[in-house]
There are 2 protein chains.
Amino acid sequence: MARWQAGAQDQLEQAALALFLEQGFAETTVPQIAARAGLTTRTFFRHFTDKREVLFAGDEAVPTSVQQLMAQTPPEVRPVPLILTQLGPFAETVFGDRRDMLRRRHQIISTDQGLRERELQKMATLRASIVDGFVQRGTDKLTASLVADLAVVVLSTALAQWLDSVGPMPLSTAVAEVLAAFRRLASEVELQAGP
Amino acid sequence: MARWQAGAQDQLEQAALALFLEQGFAETTVPQIAARAGLTTRTFFRHFTDKREVLFAGDEAVPTSVQQLMAQTPPEVRPVPLILTQLGPFAETVFGDRRDMLRRRHQIISTDQGLRERELQKMATLRASIVDGFVQRGTDKLTASLVADLAVVVLSTALAQWLDSVGPMPLSTAVAEVLAAFRRLASEVELQAGP
């Protein structure tokens, strides 16, 4: 039963992405998605509340994973080392095996103002959960806010590099490249007289 | 003539902000704004293309100022020191004398999806002009992209701190505080073994 459900959810997702790309997000209806997947509208609504949710399914679990990961990291680990060590494995777990799906998803989202806004809200929620995680670890508010921004910048840049890349490339390689560039930038801060 | 025009533009801006806050952005019309300012609709359209432009007037000049500033900085100045030294004076020039207006503007923008999207596009344009400025200085694409993100994060954080602050506070003080926190974070990168 669980296996069949997972199959139906995947079929609905594939059908929805194909239709969104072929005829546009606004023009696609739930009955069309269900028909393309060879399933009923009722089955669609067992898996998703509406067509938009097909693009954002599973995302609501991400902030929770972030908070668990941060709570499990030993309290003596400082904010930046925490990000430097955890971001690669985290990104690989959440996004790593879905490059083709994420590329199509990215393309669909870019065509619709409501979807772009929803995507930005999602990143804002992720950012807020990182801030909360740091504050709970005793980090001051301003530092927590800046480290969360840095984490989101590194993650977004690595995802963009990875989605643009040709041929097989693990996401963790893209994260490592961006972190290496980030380290070089941090070393430039030292060249400048501090306050 | 020029002086009178500046006066009219300012009166229209004040009238528009007051009406947007009192009755909502969507509910406010250009004739209402003109009437509140004691001017004609025709005068409104000499200064703004539509009511949305009242909130974004002058913003189109910002990317050009950024590029000029970056082109004038000696070529040997590295990306991070450039941001550390120029961001405070730049922010003070562009935003420094408009805290009350920016607070009201921020409040109005947060109520409307189209305005939020436009505001994000504005930040994306600013970011793109910083990336271009660095690429023209010979910085590689990935580094240029990351430094531009850092600049936008520091600027946005400082603006938020400044708009939230009570009592007189120069924007340059907020920028200096955020940069000091950023320096502490950069020093933590060194604690971590590099690749």
Within segment B:156-169, considering residues that are assigned to a helix (DSSP H, G or I) and not aromatic (F, W, Y), the one most open to solvent (accessible area, probe 1.4 Å)
B:D164
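Can you tell me how many residues within segment A:37-96 are within 14 Å of chain B (Cβ to nearest Cβ) and part of a helix (DSSP H, G or I)? Even if it seems obvious, please write down each step before you answer.
Let us first name the residues in segment A:37-96 that are within 14 Å of chain B (Cβ to nearest Cβ), namely A:73, A:76-88.
So of that shortlist, the ones also part of a helix (DSSP H, G or I) come out as A:79-88.
Summing the residues that are within 14 Å of chain B (Cβ to nearest Cβ) and part of a helix (DSSP H, G or I) in segment A:37-96 gives 10.
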Can you tell me which residue is nearest to the chain's Cα centre (by Cα) among those in segment A:141-164 that are among the polar types (S, T, N, Q) and within 22 Å of B:A124 (Cβ to Cβ)?
A:S156
Failed item, numbered, when A:E92 is tested on (1) free of Cβ contacts under 8 Å to residues at least 60 places away in the same chain; (2) open to solvent by less than 70 Å² (accessible area, probe 1.4 Å):
(1)
Just give me the residues in segment A:126-155 being open to solvent by 50 Å² or more (accessible area, probe 1.4 Å) and either within 11 Å of another protein chain (Cβ to nearest Cβ) or among the basic types (K, R) (or both), in sequence order.
A:R127, A:R137, A:D140, A:K141
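From the list A:A26, A:A34, pick out the single residue that is assigned to a loop (DSSP other than H, G, I, E, B) and of a type outside the set (V, I, T). Break it down into steps so the answer makes sense when it comes.
On the way: A:A34 fails: assigned to a loop (DSSP other than H, G, I, E, B).
Going through A:A26, A:A34 in turn, just one is assigned to a loop (DSSP other than H, G, I, E, B) and of a type outside the set (V, I, T): A:A26.
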What number goes with the only condition from (1) within 30 Å of A:E27 (Cα to Cα); (2) open to solvent by 20 Å² or more (accessible area, probe 1.4 Å); (3) within 13 Å of chain B (Cβ to nearest Cβ) that A:L115 does not pass?
(2)
Among A:A176, A:A181, A:A148, which is farther than 30 Å from A:E22 by Cβ and either among the hydroxyl-bearing types (S, T, Y) or in contact with a Gly (Cβ under 7 Å, 6 or more places away or on another chain) (or both)?
A:A176
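The values are calculated or read from the model by the stated rules, or taken from the named source; none is laboratory data. Everything numeric in this text was worked out from a predicted model, so none of it was measured. When we count neighbours, we look across all protein chains shown, and the Cβ atoms used for this are built from the backbone with ideal geometry, even at glycine. Side chains are part of the model used for accessible areas, which takes the heavy atoms of the whole protein and leaves out ligands, DNA and RNA. Shrake-Rupley method; radii C 1.70, N 1.55, O 1.52, S 1.80 Å.
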